[in-house]
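What follows is one structure encoded as structure tokens, with my remarks underneath.
The values are calculated or read from the model by the stated rules, or taken from the named source; none is laboratory data. Values in this document were obtained by computation on a predicted structure and should not be read as measured data. Counting neighbours? That spans all protein chains shown, and the Cβs are built from the backbone with ideal geometry, glycine included.
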Amino acid sequence: MSSSPANLRPAQARHVTVSDSSVTVDLVDGRSITVPLVWYPRLTHGSDSERQNWRLLGAGEGIHWPDLDEDLSVEGLLAGYPSRESQASLDKWLRSRQKAS
């Protein structure tokens, strides 16, 4: 039996857990994706409370961390994509956090 593209639905997140070493996303279909935290420098540099403050985007196609200005797509997680943020952008963000504290 084959599936036509019309029958495929995008993967949707149901819940997110961030530990000191990984990000785990539980999907609506029962799967879980776990990736290294170091793939996402903004999450790595965030406090535990900032990491725990997330919300789902759309119908669960993405995750947003408002305190860290970080967005991850479920599709990107499934594809194994780490952050694509440039070092210059990350450095600018880190400087803005230092000024705010």
Set Gly80, Gly30: member being over 13 Å from the mean Cα position of the chain (by Cα), farther than 30 Å from Gln98 by Cα and of a type outside the set (D, E, K, R): Gly30
First in region 61-75 and at positive phi, second anywhere and of a type in the set (Lys, Arg), Cβ under 9 Å, 6 or more apart: Asp69/Arg42
Qualifying residues in region 36-74 (those that are in contact with a strand residue (DSSP E or B) (Cβ under 7 Å, 6 or more places away or on another chain) and hydroxyl-bearing (Ser, Thr, Tyr)) - the one surrounded by the fewest Cβ atoms within 10 Å (Cβ to Cβ): Ser73
Region 15-27 - residue that is under 17 Å from Gly76 (Cβ atoms) and either at pLDDT below 95 or not hydroxyl-bearing (Ser, Thr, Tyr) (or both) and, of those, surrounded by the most Cβ atoms within 10 Å (Cβ to Cβ): Val25
Residue in region 75-85 that is exposed (fewer than 13 other Cβ atoms within 10 Å of the Cβ), aliphatic (A, V, I, L, M) and modelled with pLDDT of 95 or more present: yes
Cβ-Cβ under 8 Å pairs, at least 6 apart or on other chains, region 10-24 side in contact (Cβ under 8 Å) with a residue 60 or more places away in the chain and in a strand (DSSP E or B), far side among the aliphatic types (A, V, I, L, M) and surrounded by 14 or more Cβ atoms within 10 Å (Cβ to Cβ): Ala13/Val25; Ala13/Leu27; Ala13/Val28; Ala13/Leu56; Ala13/Ile63; Ala13/Val74
